Amino acid sequence: MVSKNSQFVATGGYSWLKIESPDDYDRLVEILDASFAPNVIANQLKNNISKVGAVLVEHDYIDKDYSSTY
Amino acid sequence: MGRPYRRDCVRLHFFDESVVFGESPVQLQGPIPRNYFGYMVLRPTITATLGRSLLSPRIRNGVKGYAIQACHKVHLLGDTLTVWGFPSMAQHADIAVCAHVSCWAILRHYSEQYAQHRELLTHDITMLSKPFDPGGLTPSLGLNLYEAERIFQAAGCYPLMIVREWDYEKEEWVGDDKFFAQMLSYLESGFPLFVSLQSRTMNEGHAIVLAGYDWHADQSDSNRDSSHVWSRVSNLLAVDDNMLPYSYVDVCEGNDPEGEIENYTSEDFNAFIVPLPDKIFYPAHAVEPFSLGTMLLVFNQAMNLPEEETLLRRYYITTVSEIRHFVRSNISQFGEVLADLLMHLKTTQFVWVIEYATDEQWRMKHITARAVLDASASRTDEQPMWLCHNDQMAIIFDRSSEVPKGQEIALQRPTNTPLSRMETNVRPVM
C-alpha cells in the first residue's frame, strides 16, 4: 500500500478515489503522470458527469487500440 | 520520428458510492453489476489523452432520450463487469482525425453488437481507407467521405451515403424534410450514422457519429411542416471526438446553437453514411413515398388512418425476431389473433415498420396502425408489404403471388386496449 486516507487508497497497480464532490476529480493530478494530462481529464469529468461515487484507477494498462498505433 | 511515448496507459473505472474497494486481497465489494458506469483509457500522449472509452449515458449530465447501445464486457480484478453504452475516444492527434475515430467508434459498436463483425483496432481502420498501405500520411492529412465509405465496405458493412441537396441558384438546402426523415429513420433502426458537417461558426469540416435522439417534451412546440416524426425531435445525441460522448446537437432552424455543442447544429450537416447489413435493398427514400402514397391512397379507409392535419408517421428497420419479442413482451395488447399472425408471418429477416398516429396518440406513445414491409424488396416494388393492421383488422399479403392481394382478418383484440409504439432498436437513457 502506497498511501491511504479517507479519500484515496493506492495499492499495487490500483488507486481508489472516492468522489464526494466534483472537485475530488482534481486528485487525479496527484495519482497520474503528467503525460496523461490529468488536469484536462479532471476538468472534463467535473463538468460533464455525475452519479459517480468512486473511480478505480488501473495503472500499467496495456490498451490494444493504443498499442496498434504505437 | 514522433515524440517518444511510453507504452502503458491507465484505465479509469467509474462506480457509484455503494461499491467498496478492498485492499487485501484486492477486490471490489458491493452490488457491482448494477453500479458500474464504464471506463475510459488514458493514453500517455500529453495532448488528446482520452483513449478508448465506454461510458454509460446514465452518468452524462443532462442526457436523456434514446441512445444506440451495446452491452460491453469488462474484465477487472477477476470480475466480469458489463456496461451498456457506445464506444468513443479523442483523436490521437499524431495519427488520427475525427473521421477516422468516427469510423472506429461505429465499427467497435458493431463488433460488440453483432457476432459476424470482427474487432478492428485503430490501425486496422487506417489500413482499410486505401487499396494500398497508406503509410503515415493517412489519415493525418484527413479522411474524406468516400474513404469513410470504403472503410465501412472493407469492414463487411454495406454503406449507404445520403447527401443533402444544395440549390446553387437559390443558395439554399432543398429537400431537407426528406434528408432528415431518412436520417432519423436509420437512427431509429439502431444504425449509428457517420455524419459529415461544415461548421459555420468555425468554418471548417468535421465528422461525428450520431447515436441517439430525444423527443420534444412539449409537443405543442414542434412544427407541422411534415407529418414525419422528425418534427418531434428536439436534440440528437452525438459521439464527437472533441468531447465526452452523448453530447447534445441542437435541432434548430436558427443560426445559434443553444446546446452543449456550440460549434454546429443539425443545420450544418451535409451528408451521412449508414453502414447497413446485407440484404437491405429497400431504402428509406422508398418508404417515404410508400407511407404517404400507397398507404394513404389505398389503405386509408381500411386502416382508418388519421386525418392529414393530425397525422404523424415514423418508419424504421427492425428484424422479425424483434417484432416477435415485442409481441411476446406485450401480448395482452395484441390479442390472440394478431399475435398468431405475427408469429406465423413468413418474412425476410429485416423488415421496415411504418407506424401511424395522431398527435394525441403520439403524446401517449400509442399508434393507430402499423405496416410491415419487406426490407429486401426492390426499390421499384409497388407493393412490398407483408402485413398492415390497426386495432380492429389486419390485412396480410402473399408476396409469392404475381399481384399480392390482401386478405382481411378480424382481430378480436381486447377492448379499450390501445396499440403502443415500438421502440426496440434503441435504449432509453435513464
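The values are calculated or read from the model by the stated rules, or taken from the named source; none is laboratory data. Worth saying up front: this structure is predicted, and the values here are computed from it rather than measured. Neighbour counts are summed over all protein chains in view; Cβ atoms, including those assigned to glycine, are modelled from backbone coordinates with ideal geometry. For accessibility, only protein heavy atoms count, side chains too; no ligands or nucleic acids. Shrake-Rupley method; radii C 1.70, N 1.55, O 1.52, S 1.80 Å.
Just a few scattered comments:
- Inter-label distance for B:A115 and B:H344, nm, one decimal - labels placed 7 Å from Cα along Cα-to-Cβ: 3.0
- Tensor-based shape of region B:110-201 (alpha-carbon gyration tensor, a/c under 1.5 rounded, otherwise prolate or oblate): oblate
- J(HN,Hα) series, region A:49-55, from Karplus relation 6.51 cos²θ - 1.76 cosθ + 1.60, nearest Hz, glycine and proline x: 10, 9, 6, 7, x, 7, 10
- For chain B, dividing the convex hull volume of the Cα atoms by the residue count gives 180 Å³ per residue.
- Counting, for every residue in B:175-183, the Cβ atoms of other protein chains within 10 Å of its Cβ and taking the mean gives 0.
- Gaussian network model of chain B, springs between alpha carbon atoms under 10 Å - residue of B:A211, B:A90, B:A48 with greatest fluctuation: B:A48
- In this label model, A:S67 and B:S401 are separated by 6.1 nm, measuring between points 7 Å along each Cα→Cβ vector.
- Residue of B:M303, B:M202, B:M127 that the Gaussian network model of chain B assigns the largest fluctuation, springs spanning Cα pairs under 10 Å: B:M202
- Contact-buried residues of region A:47-65, at a threshold of 50 Å² lost accessible area versus the chain by itself: A:N48, A:I49, A:K51, A:L56, A:E58, A:Y61, A:D63, A:K64, A:D65 (1.4 Å probe; DNA, RNA and ligands ignored).
- Zone residues, region B:302-320, relative to B:T424, backbone N less than 11 Å from point 7 Å out along Cα-to-Cβ: B:318-320
- Loop chymotrypsin sites (Phe, Trp or Tyr not before Pro), region B:144-212, which have at most 10 other Cβ atoms in a 10 Å radius of their Cβ (DSSP): B:Y168
- Region B:297-333 and region B:405-430 have their alpha-carbon centroids 6 Å apart.
- Carbon and sulfur %, accessible surface of region B:284-429 computed with the full protein complex present, 1.4 Å: 49
- FRET efficiency, 1/(1 + (r/R0)^6) with R0 30 Å, evaluated for A:D60 and B:N203 via beta carbons: 0.10
- Sequence-distant lysines (8 or more away, or on other chains) whose Cα lies within less than 24 Å of A:K18: A:K4, A:K46, A:K51, B:K73
- Residue-averaged 222 nm ellipticity for the protein assembly as shown, from DSSP H runs of 4+ at -39500 (n - 2.57), nearest 500: -6500 deg cm²/dmol
- Separation of alpha-carbon centers, region B:359-399 and region A:36-50, rounded to whole Å: 47
- Membrane-span-like helices in chain B, defined purely by DSSP H runs whose alpha carbon atoms cover 20 Å or more axially and whose average Kyte-Doolittle hydropathy reaches -0.5, are B:98-113.
- For region B:11-96: rounded, prolate or oblate by the Cα gyration tensor [a/c cutoff 1.5]: oblate
- Here the protein assembly as shown is treated as an ellipsoid with the same Cα gyration tensor; its semi-axes, largest first and in whole Å, are 43, 26, 21.
- Anisotropy class of region B:148-193 from Cα gyration tensor, a/c 1.5 cut: oblate
- Taking Lys and Arg as +1 and Asp and Glu as -1, the other residues whose beta-carbon sits under 15 Å from that of B:D8 total +1.
- Convex hull volume per residue in cubic angstrom - Cα atoms of region B:1-58: 115
- Area buried, chain B against chain A - accessible surface, total, 1.4 angstrom probe, square angstrom: 4100
- The Cα atoms of region B:321-430 cover 44, 33, 26 Å along the three principal axes, with the biggest extent listed first.
- Mean separation of Cα contacts under 8 Å (6+ apart) over length of region B:298-430, as relative contact order %: 25
- A full extension of the chain between B:D79 and B:I409 corresponds to an added length of 113.5 nm, given 0.36 nm per residue minus the alpha carbon distance.
- Cβ charges +1 (Lys, Arg) and -1 (Asp, Glu), total dipole of the protein assembly as shown, debye: 1660
- Once the GluC sites (Glu not before Pro) in DSSP loops with at most 12 neighbouring Cβ atoms within 10 Å are cut out of chain B, the longest remaining piece is B:1-118.
- Loop trypsin sites (Lys or Arg not before Pro), region B:1-105, which have at most 15 other Cβ atoms in a 10 Å radius of their Cβ (DSSP): B:R6, B:R7
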